[in-house]
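This report concerns only the one structure given below.
The values are calculated or read from the model by the stated rules, or taken from the named source; none is laboratory data. This structure is a prediction, so every number in the text was calculated from the model and none was measured. Please note: Cβ atoms are built from the backbone with ideal geometry, for glycine as well, and neighbour counts cover all protein chains shown. Only protein heavy atoms, including side chains, enter the accessible area calculation; ligands, DNA and RNA are left aside. Shrake-Rupley method; radii C 1.70, N 1.55, O 1.52, S 1.80 Å.
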Amino acid sequence: MEQETLREWEHTCIQEEPPECTAACPIHVDARLFLKEMARGDRDAAFKVLARTMPFPGILARICNHPCELKCKRGEVDEPIAIGLLERNCVEQTNGTVRVQLLPRREHRVAIIGSGLAGLTAAWDLLKKGFRVTLFEQSGQLGGSLRRYPQNILPEEIISGELAILETLQGDIRLNEILDGPRFEEICREFAAVFIDRAANSGCNLPLIRDNMGEIAIDPASGATDREGIFAGGGAQSSDSYSPVNATLQGRKGSLSIERFIQKANMGAGRENDGPFQTRLFTNLSKITPRPRVQPTDNSAGFSADEARKEAGRCIQCECLECVKNCLFLEKYDGYPKKYARQVFNNERVIYGAARTKNQFVNSCSNCGLCETVCPTSFNMGDLCLQARRTLNEQKLMPASFHEFALQDMAHSVGKRFAFASHEQGKNESAWLYFPSCQLCATSPVEVLSSYSYLRQRLSGGVGIMLGCCGAPAYWAGREQLFRETMAAVHSQLQQLGNPRIITACSTCKSLFNEHLPAMDAVSLWQIVAEQGLPVENGVKAGATVAIADPCSSRHDRDTQNNVRQIVQSLGMTIEELPLSGDKPECCGYGGLMFNANPKLAQDVVTRRVTNGSGHDYLAYCAICRDHLAAGGARAGHLIEHLFPTVAGGDPAARGWISWSERRTNRARVKQAILGEFGEKGVDEVNMYEQIELEIAPEVRRLIDERRILEDDIRMVIDHGERTGKRLLNRQNGHCRACLQSENVTFWVDYTPDNGRFTVHNAYCHRMKIVGVK
């Protein structure tokens, strides 16, 4: 990933955008954090938040006209937070002091004429940056019009105490100055730049062009006048449009412009968000409960401590996180897409894939696309992670363990034990080609064969059959070359069969085919059934209510989703729509090879889906969705099992989980049955170890399946141990332990020989290859 690409990813995520209140504040006080601290009852921490951006917080927090409240998102639900009253409560009830870290003193001298809020702010900001500031005031004390506020709002001692910090910052304060034209010209010659507070300009006869209102004309963006080096800001307090916080902003703008003027820097660069601006932050208010505004018991005294906490507690702490709220993967890693994009960049360009935790992160995403659907700016975390996986593969830094098992299973699906393509038996051309998918054949072999018979009965022109894999595991693993080779093989076989139209029972297959081989125009089995009619008059469990589990790969395929619902209703069932369905289906933990790279997270995903279920049976039309939901303890059936009922007892949802070993056996059964129709017998050779008979208790079978160990792997280890004698014997329990390295995996098996059969007690493996010591 290049820096420019990283910036594009970062810009797409809006989580770090400021909330409406902060964006509306001319000086961008972090009102969200301020309210969070006030809700905790920590006024000292809240004061520090104000002091970060607010000059003279003891003054401004008392008189601010709080434009932030007009933009408060809570106000869209009921009433805005009383931010102004809370700021006042904070500074009145705390002894917070402003601490300033002085920068090294600079040689440049700046003059400030007038001590209204604009002039005071300009002096404050420039002194903090190390400039030598002299403040000229006509009257005998600083503060000018600030001292006209009623004492109960802004006491004299508060003004004097707050402004004393200017002397602490080594400001040169000159009172009772006569500021006429000659004196002004003298000041201009003496100082590198001058800022004029327009609120304090009354009575001065300064030789500057004035606007129609009798004020000094300025550029609103920078505060520059028509005379080089002279800047101005602020306005008369008596004006109807006067705003204390806007006056503060103009002083701040002027100080920044003076700094850039002295440094001969670009005056306007990077100042798009000076003052109020429109934030891009999205905050979902759909689940926010109305809470009435807290009214102070004593209006003259303001909020009590308890009232202040309650009112601040009404703040909804605006943020987006729409993707994190809906994705366990994003939630688990305790961040958000912009943060994750930086991590991916650093992993690629700084530490070169050396951090296993970061590698696991990019390989744990299910690539389901839910984040893009719920994100206001369509940030697709799956695309980011997939790009990172491809880079790791290109750099040869991808740990084999993340995807090896899934890629081996894919190799089985495209290998001689399963792969097959032919016209319909007895025909030499096909208008259609049935591609049921490797996973559906692995879980529902009898139903696949029944559905193939159905298609041949209902469709004319011949229906061929193709057994294989669409290449999804390679695609998700970031193995682009392998994926392209797999797609090319499918395309080649399709051409050899005369380019029939593909029918598939898998949404993932359909999605990948139509994206990467669009001329194929793949169609769903469910569309054919919806158009041609049910294969049976009465469906299984007619009258039952089922919750349809849309696969994540059907997110943008509303036609297939509608076809499925049409079929389910035709079967006499009532549909319950899950919250995450339609364009927002949640992954089952298999997509993106999450189950392989991060099994614990995949299990958590399934558990959450099952826990959040409605209590009704699930009806899936993705083989893996059905299996994962069933493995998680839910009652789940596949649509094909309802259409072609063969499950014992007539209850598809009662069928349990299926091991990976059974899946391979089932695929072979489908191929053998198809070959049988052609009068052929399977020619696949059988290895000697495959004849070993195993006895495995159900709990052990489940354990080894979770460890991605096949029964054939166990047979190879036992065969090796028995033939070579390379095994250990536990004399206490009679168990043998043998091991065998196969490619990047070393398998260990504890077993006991038993009259030609072998009882398996345990098995585990290390998915790594030890090549030596560095």
Projected label distance in nm at ARG501 and GLU10, using a 7 Å step from Cα toward the beta-carbon: 5.0 nm
Residues with amide H under 5 Å from that of SER742, placed H, sequence gap 5 or more: PHE747
Where labels lie 7 Å past Cα in the beta-carbon direction, separation of GLN263 and TYR242 in nm: 3.4 nm
Phi to ³J(HN,Hα) by Karplus 6.51 cos²θ - 1.76 cosθ + 1.60 over the stretch 610-617, Hz, x for Gly, Pro: 5, 5, 8, x, 8, x, 7, 4
Nearest 10 degrees, 0 to 90: helix 660-677 Cα axis against the chain principal axis: 50 degrees
Using θ = phi - 60° and Karplus 6.51 cos²θ - 1.76 cosθ + 1.60, couplings along the stretch 241-248 (whole Hz; Gly, Pro as x): 8, 5, 9, x, 6, 6, 4, 4
Probe 1.4 Å - accessible area at LYS510, Å² to nearest ten: 30 Å²
Nonlocal amide H pairs with ILE112, under 5 Å, H built at 1.01 Å: THR134, LEU135, PHE136, PHE195
Distance (nanometres) between label positions extended 7 Å along Cα→Cβ at ASN733 and SER300: 8.3 nm
Under 15 Å, Cβ to Cβ, from ASN273 - net charge with Lys/Arg +1 and Asp/Glu -1: -1
Accessible carbon and sulfur surface of the stretch 262-369 relative to its total accessible area, %, 1.4 Å: 50 percent
Residues ASP583 and ARG342, FRET efficiency given R0 of 41 Å [Cβ-Cβ distance, rounded to 0.05]: 0.90
On Cα atoms only, tilt of 507-516 relative to the major axis of the chain in degrees: 70 degrees
Fraction of accessible area attributable to carbon and sulfur, the stretch 565-621 (%, probe 1.4 Å): 50 percent
3J(HN,Hα) from dihedral phi, the stretch 173-187, Karplus parametrisation 6.51/-1.76/1.60, rounded to Hz, x for glycine, proline: 9, 10, 9, 6, 7, 8, 10, 9, x, x, 5, 4, 5, 5, 4
Between helix 381-394 and the chain: long-axis angle, C-alpha atoms, 0 to 90°, nearest 10: 70 degrees
Counted charge near GLN151, where neighbours are those whose Cβ lies closer than 12 Å (Asp, Glu -1; Lys, Arg +1): +1
Read-out percent of Cα pairs over 45 Å apart, derived from the coordinates shown; its label in (1) 46; (2) 24; (3) 30: (1)
Accessible area expressed per residue, the chain, with surrounding protein chains retained (probe 1.4 Å, Å²): 45 Å²
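For the full complex of protein chains and a 1.4 angstrom probe, list ILE159, ILE288 by accessible area with the highest value first.
Values: ILE159 0, ILE288 50 Å².
Correct descending sequence by accessible area is ILE288, ILE159.
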Heavy-atom accessible area order for LYS325, LYS48, largest first, 1.4 Å probe: LYS48, LYS325
5 angstrom amide H check on HIS761, placed H, neighbours 5+ away: ASP750, TYR751, THR752
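Given LYS332/LYS671; LYS427/LYS510; LYS48/LYS600, which pairs have Cα atoms separated by over 31 Å? Display every interim value, and only then the final one.
Working: LYS332/LYS671 41 Å; LYS427/LYS510 25 Å; LYS48/LYS600 42 Å.
Violating the 31 Å Cα-Cα cut-off are LYS332/LYS671; LYS48/LYS600.
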Contact order normalised by residue count of the stretch 568-713, Cα under 8 Å, 6+ apart, percent: 14 percent
Taking the chain and dividing mean pair separation by its residue count, relative contact order in percent (alpha carbons under 8 Å, at least six apart): 10 percent
Estimated FRET transfer efficiency (ALA544, THR665; beta-carbon r; R0 22 Å; 0.05): 0.10
Model label zone, THR377; criterion: amide N under 19 Å from point 7 Å along Cα-to-beta-carbon; scope the stretch 6-25: 6-24
Rounded to 5, the percent of DSSP beta bridges in the chain classed as antiparallel: 40 percent
Neighbour-limited loop hits for GluC sites (Glu not before Pro), the stretch 250-347 (at most 10 other Cβ within 10 Å; DSSP other than H, G, I, E, B): GLU272
